[in-house]
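Rule-based calculations on the coordinates, nothing more; no lab input. Just so we're clear, the structure is a prediction, and the values are computed from it rather than from any experiment. No Cβ is skipped: glycine too gets one built from the backbone with ideal geometry, and neighbour counts run over all protein chains shown.
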Amino acid sequence: TQTIQLERENYEALPAATRDFFVRIPEASYTDPDSGLAFVIMQDLRDYKTLYEIHETVAQYGVHIADQLGNFLERMHEGGSGQVRPAPRSLLRDMSLSRLLDHVDRVFNFVWENRFYEAHADAKDIQYELFNLIGDLIARQRDIENFPAAYMHGDLHMRNIMITGIDHPNRRLGGIVFKLIDLEYLRRDGDAAFDAGELLIDIELIAREEYKHD
């Protein structure tokens, strides 16, 4: 319930010019008293598929759809206006560094608790190398501050990008419509590069997995 309410609040905080980029979340929701699971009736998406579901079809028209998706994301990141806003000084720390440190701690706590280091003697070296790389990012704080703030999805992967119009005869001329779902991490003062990095890594991981099983 808290997650749905957060998504709803994030959507409502968007300026009118940007709301069409995202799936609208109606006010009504329902929480099952037995399981505690919350449900919400979202905007009608019967004609949409996730990019992940149809990525093999999309690949057939690669460059045309990629151009349209890139244009869509660029307009979303601009927030419906050409006004440039400076990124907050805490952006790198709040958005990336704290999450990276949490992930490293979680992974290596699991390693130590399960004594996996006995089979991988260099585990501690890997942990310290990761900390050193995070330290390199901290040293780039001033560079990051020169980037403009962007409307950022915050969890951009192929399962959160909805697409329709792939079968439209004008698909190569802009007959495709995109919508983004899962607005839990949406923020108006984020970093467009964060979204781009998440999406590119997701595409790479899926490609590797499919290549492995081909």
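In table form, for the structure just shown:
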quantity	calculated
Rounded to the nearest 20 debye, dipole of the stretch 91-160 from Cβ charges on Lys, Arg, Asp, Glu	200
Pair residue 210, residue 116: separation of 7 Å Cα→Cβ label points (nm)	2.7
Whole-Hz ³J(HN,Hα) from phi, Karplus 6.51 cos²θ - 1.76 cosθ + 1.60, for the stretch 185-192, glycine and proline x	9, 4, 8, 8, 10, x, 10, 4
Space enclosed by the convex hull of the alpha-carbon atoms of the stretch 133-214, per residue, Å³	151
Inter-site label distance for residue 90 and residue 200 at 7 Å from Cα along Cβ, in nm	2.9
Antiparallel content of DSSP bridges confined to the chain, in %, to 5	90
Computed [θ] at 222 nm, deg cm²/dmol, the chain (DSSP H ≥ 4; -39,500 (n - 2.57); rounded to nearest 500)	-14000 deg cm²/dmol
Sites residue 81 and residue 131, calculated FRET efficiency, Cβ-Cβ separation with R0 35 Å, nearest 0.05	0.35
Stokes-Einstein diffusion coefficient of the stretch 64-120, Kirkwood radius over Cα pairs, 4 °C, 1.567 mPa s, in µm²/s	85
q = 0.08, 0.11 Å⁻¹: log10 I(q)/I(0) that the Debye formula gives for the chain, counting C-alpha atoms only	-0.38, -0.71
Between 0 and 90°, nearest 10: helix 62-78 axis offset from the chain longest Cα axis	80
In degrees, nearest ten, helix 123-139 long axis to first principal axis of the chain (Cα)	60
For the chain: relative contact order, % (alpha-carbon pairs under 8 angstrom, 6 or more apart)	28
³J(HN,Hα), Karplus 6.51/-1.76/1.60, whole Hz, each residue of the stretch 154-166, x for Gly, Pro	x, 8, 8, 9, 5, 7, 9, 10, 8, 9, 9, x, 4
Two-decimal ratio, the stretch 94-183, of alpha-carbon radius of gyration to 2.2 N^0.38 Å	1.68
